[in-house]
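Worksheet: the structure to be examined is printed underneath.
The values are calculated or read from the model by the stated rules, or taken from the named source; none is laboratory data. Note that the structure is predicted; figures quoted are calculated from it, not measured. Please note: Cβ atoms are built from the backbone with ideal geometry, for glycine as well, and neighbour counts cover all protein chains shown.
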Amino acid sequence: MAARVTARPKRTLAIGLTVFVALALVVLAYTPAGFGNQSAPAGSDSAAGEKLLDTHFPIAVRNPTSVVMRLPVSVLRRPSALSAASAALAREPVFTAVTGALDPNGATLSTQELLSLYSTLGAPQRLPASEPPALARRVPPRLYAAYAASSQFLSPDGRTLQFYVTLRAGDPASTAALHAVPSVRAAVKRAADAAGALQSGVAGEAAAAYDVSQVSTGDLRLIIPVVLVVIAILLTILLRSLVAPLYLIASVGLSYLAALGLAVLLFVELGGESGLNFVLPFFMFVFLMALGEDYNILVITRIREEAAHADLPTAVRRAVAASGGTVTSAGLVLAGTFAVLTVAGDAQTREIGLGLAAGVLLDTFLVRTLLIPSLVVLIGRWNWWPSRLASEYREAKPGAPARGGAQAEA
């Protein structure tokens, strides 16, 4: 393989770059997915319970999305704020259902009834779940149950409101719900302004997934340039070259994008998934950057050693032959370890396993054995610039025996 690469470096590089760039372009279709549905084991009591909930109740019962508002004055003094907030949320098209202090258990309370019950019974948080017999003659059981249930939507001081909302985008664990979070927050802000609230927010699985996704993406944008600069400095010191570190870093970056693009192609474009686990790009970058540069160092340092005694094509063939077994074995073991995750029951773990395994295999069998050797041969003496080895560069002579013939070639 090494002999064919060094004999046709331009063709090898062109084919390799075409494959990698094509896969890397698929990354443009990447979209982060939500946390996903984590179902209970089939046949278990919890699975049966989940099925009943899904059949007979809205998703908000099992996985609610909460809207919270903080008011300047207690609604027990200004009940119009509560009714305004409820009405404003109900008008927003991003919600299909809104539950709050005025309809906590399916029974509707008017603001006047709420104030009257507060005057008679005190704060709902202090009430027992079942109405005492002594109160039954004064407060109808329906009103008592509704008022007691309002405690989960109204703080003791009456200034903090909570609403359970059902998202039109669907299950809060879904990718559609994650992408709807900005619209949901904008709708809540409008409703909060209508109610005169000081602060507002959205809590729940969709909002949490969106925030974690944004933080993960932001961290990756910060980490990538820092890591690339640090590794470039270390490679420059190790190789005593300003040129080689540039294409070594670029090769790992291209390998990372190609592996991520392959994951998008398999799971989203062909597999029909709504998106990829948002932690996958971060995991892939960490593993592939570390392992890719580790393999790079192993191969390029051996090429540099051989280049001190032989022309560059010969040095590349010898280096690949000497290090190829180690790199290939390590890559296969690591890829096989990650591939075990592809038999997991949930899609997110399978994505991580396949993405990492594919990245390691691409790096091991294509980057290290095709792209890097062909680049080294094409760049020639400039691989080692400005070190002394660049000035001692040996040109390959067609038909001439390789120097340093005591060492075996591939």
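Observations on the structure shown:
- Qualifying residue in region 119-139 (condition: closer than 22 Å to R190 by Cα and crowded, with 17+ Cβ neighbours inside 10 Å): no
- Filtered residue count, region 239-273, keeping only those that are β-branched (V, I, T) and assigned to a loop (DSSP other than H, G, I, E, B): 1
- Selected residue (criterion: nearest to the chain's Cα centre (by Cα)) from residues of region 364-389 that are over 17 Å from G292 (Cβ atoms) and among the charged types (D, E, K, R): R381
- Members of region 126-172 found to be touching a helix residue (DSSP H, G or I) at 6+ places or on another chain (Cβ under 7 Å) and β-branched (V, I, T), listed by number: V139, V165, T166
- Residue, surrounded by the fewest Cβ atoms within 10 Å (Cβ to Cβ), within region 151-170, restricted to residues that are aliphatic (A, V, I, L, M) and farther than 24 Å from T120 by Cα: A169
- Counting the residues of region 305-317 that are closer than 17 Å to L370 by Cβ and not aliphatic (A, V, I, L, M) gives 2.
- Among all residues of region 295-302, there is at least one that is over 29 Å from L260 (Cα atoms), modelled with pLDDT of 85 or more and in contact with a helix residue (DSSP H, G or I) (Cβ under 6 Å, 6 or more places away or on another chain).
- Boolean, L228 is surrounded by 15 or more Cβ atoms within 10 Å (Cβ to Cβ) and not assigned by TED's automatic domain parsing to the domain that holds A123: yes
- Residue match in region 292-300 (condition: under 18 Å from A358 (Cα atoms), touching a Phe, Trp or Tyr at 6+ places or on another chain (Cβ under 8 Å) and outside any helix (DSSP H, G or I)): no
- In the condition set (1) assigned to a helix (DSSP H, G or I); (2) closer than 24 Å to Q162 by Cβ, V202 is compliant with all but (1).
- Exclusive hit being within 30 Å of K189 (Cβ to Cβ), assigned by TED's automatic domain parsing to the domain that holds T96 and at pLDDT 85 or above, set A107, A149, A173: A149
- Residue list for region 119-143, restricted to those being within 24 Å of A81 (Cβ to Cβ) and not β-branched (V, I, T): S119, L121, G122, A123, P124, Q125, R126, L127, L143
Residue-by-condition table, conditions (1) buried (at least 21 other Cβ atoms within 10 Å of the Cβ); (2) touching a Pro at 6+ places or on another chain (Cβ under 7 Å); (3) over 20 Å from G261 (Cβ atoms); (4) modelled with pLDDT under 85:
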position: R317; (1), (2), (3), (4): yes, no, yes, no
position: T342; (1), (2), (3), (4): no, no, no, yes
position: G353; (1), (2), (3), (4): no, no, no, no
position: L356; (1), (2), (3), (4): yes, no, no, no
position: L361; (1), (2), (3), (4): no, no, no, no
position: P373; (1), (2), (3), (4): yes, no, yes, no
position: V376; (1), (2), (3), (4): yes, no, yes, no
position: W382; (1), (2), (3), (4): no, no, yes, no
position: A390; (1), (2), (3), (4): no, no, yes, yes
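- Selection of region 35-87 for residues being modelled with pLDDT of 70 or more, closer than 14 Å to T99 by Cβ and β-branched (V, I, T) yields T65, V67, V68.
- Out of A177, A194, A148, A173, one residue alone is surrounded by 21 or more Cβ atoms within 10 Å (Cβ to Cβ), within 30 Å of G34 (Cβ to Cβ) and in contact (Cβ under 8 Å) with a residue 24 or more places away in the chain. It is A177.
- Single match in Q214, Q112, Q162 (criterion: under 18 Å from V73 (Cα atoms) and within 33 Å of the chain's Cα centre (by Cα)): Q162
- Of the residues making up region 309-362, those that are assigned to a helix (DSSP H, G or I) and among the charged types (D, E, K, R) are R317, R318, R350, E351.
- Check on R221, of a type outside the set (A, V, I, L, M, F, W, C) and loosely packed, with under 15 Cβ neighbours inside 10 Å: yes
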